[in-house]
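**Q** Have a look at the structure that comes next, please.
The values are calculated or read from the model by the stated rules, or taken from the named source; none is laboratory data. Computed from a predicted model, the values in this text were never measured in an experiment. Because the Cβ atoms are built from the backbone with ideal geometry, glycine has one as well, and the counts that use them run over all protein chains shown.
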Amino acid sequence: MTISNFLKSGHKGTLISAFIYSDMSFMVWVLMGPLVVFITQDLNLTESQQYTLVSIPLLAGVIFRIPVGILVDRYSPKKVGLISQLIVILMLLFAFLSNISSISGLYTLAIALGLAGTSMTVALPLSSRWYPDEYQGLVMGIAGAASSGTIFAAALGPMLAESFGWRAVFGFALLPLIATIIYFYLNTKDSDQPSEKKPLSDYLQVVKEVDVLWFMLFYSLSFGGVIALSSVMVLYFYNHYQIDPVTAGYYTAACILAGTSLRPVGGWIADKFGGIKSMQRFFAVTAISMLFVSFSLPSWLALILLITGTGSLGMASGAVFQLVPLRFRNNVGSVTGLIGAAGGLGGFFLAWVIGQSKQMTDSFALGFLIFTLLSILSIYGIQKVKSRWRTTWGAGEVTSARV
């Protein structure tokens, strides 16, 4: 595999558009996390309401991903992406113009923002269908690096909220979303060989595949971990270290930058050395990093460990999607929807665990220990399935990719 050959293959306009589309969608998906400190100061939210508000978009994203994945397989991914983005834009516009000021209104907006969390269910199959097996890890890593949009939310959200008020941030978020939907419409093209339309009953059969469940576990930790941390880390630095929310936003952005920018690297490493071996290494780094974060460390050391742990999670998510298109060639959209839903559910669960840890023990330690335990479980799972994978759908006579 060479970069020059990669650049000559596929459809670069679609790949770039898919990345930007998901990137901006993820920015608004986790927007409540960076703003929750300012919302709390204005509306006097309880601690329970704070963590509920940042968790609702993650859970809503889980619920929406499965039907969106089915629609992607049955209809045009481009059309599904355009309609989804338009709905998110309209909801943000309503929130901005209505001067939202109640917790029930914020919960409703948080549910609507969950639709933005389905963007990779559109972007991944849209990009994957244009490229051969040997480039799937890199392609899915690029298209799936969408959580880099959370960097903008973490870095700019608190700064804009402090300067203009948290409600104004909804208006600012509309600008890149509108530019994105125009660019996506003009530059995206559905593959000439879209997946075959199937009856809805066929999608239920996918759930029975044991490999789907394994991939869901791996992605719930890797992708879900990055999303959970991007949603609650501002609260973590603000409450645990008494760091002001703007600086906490910058710290969060640094961690998420590692998790998102290294996702394509994880896909590239998986292409080169195999997704199985790569995932084992990445989850091992995560386990060690989060174990040490659970101790009461100086803020600078916790930041370094969180950057390391989040970076390894990002690379693991890239490695997961090097393997998914190889295993499920004819159901990429629906399987991506299921695995993506697991990632969103993992994000919701891990964010909820971190919040519960703080509320029940007045410490975040238990939440980070859960990261370590899930990493060890994932390593065990990979060890359990790797021989079967390498001798069936990952065998040399079946695919040219490294598994």
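**Q** Being surrounded by fewer than 22 Cβ atoms within 10 Å (Cβ to Cβ) and touching a helix residue (DSSP H, G or I) at 6+ places or on another chain (Cβ under 9 Å) is the filter; apply it to the range 242-257 and report the residue that is nearest to SER296 (Cα to Cα).
**A** Checked the range 242-257; the qualifying residue nearest to SER296 (Cα to Cα) is ILE243.
**Q** Could I ask something else about it? Every residue in the range 64-120 that is touching a Gly at 6+ places or on another chain (Cβ under 6 Å) and surrounded by fewer than 16 Cβ atoms within 10 Å (Cβ to Cβ), please.
**A** Within the range 64-120, none qualify.
**Q** Quick one: in the range 254-289, of everything that is within 15 Å of GLY224 (Cβ to Cβ) and among the hydroxyl-bearing types (Ser, Thr, Tyr), which residue is modelled with the highest pLDDT?
**A** Residue satisfying both the conditions and the ranking: THR286.
**Q** At pLDDT 90 or above and not acidic (Asp, Glu): does that describe LEU306?
**A** Values: at pLDDT 90 or above: yes; not acidic (Asp, Glu): yes.
Spelling it out, LEU306 is indeed at pLDDT 90 or above and not acidic (Asp, Glu).
**Q** Look at the range 49-85 and say how many of its residues are closer than 21 Å to LEU235 by Cβ and not in a helix (DSSP H, G or I).
**A** So the answer is 0.
**Q** Could you please tell me which pairs satisfy a Cβ distance under 6 Å, a separation of 6+ or placement on different chains, a first residue in the range 261-285 that is basic (Lys, Arg) and crowded, with 24+ Cβ neighbours inside 10 Å, and a second residue that is at pLDDT 90 or above and assigned to a helix (DSSP H, G or I)?
**A** Pairs found: ARG263/GLY314; ARG263/SER317.
**Q** In this structure, does ALA154 turn out to be farther than 30 Å from GLY394 by Cα, touching a Ser or Thr at 6+ places or on another chain (Cβ under 6 Å) and assigned to a helix (DSSP H, G or I)?
**A** yes
**Q** Shifting gears a bit: Looking only at the range 364-399, count how many residues are of a type in the set (S, T, N, Q), in contact (Cβ under 8 Å) with a residue 60 or more places away in the chain and either surrounded by fewer than 19 Cβ atoms within 10 Å (Cβ to Cβ) or under 16 Å from TYR51 (Cβ atoms) (or both).
**A** So the count comes out to 2.
**Q** Specify the residue that is surrounded by the most Cβ atoms within 10 Å (Cβ to Cβ); the eligible residues are those in the range 337-363 that are part of a helix (DSSP H, G or I) and over 18 Å from the mean Cα position of the chain (by Cα).
**A** GLY355
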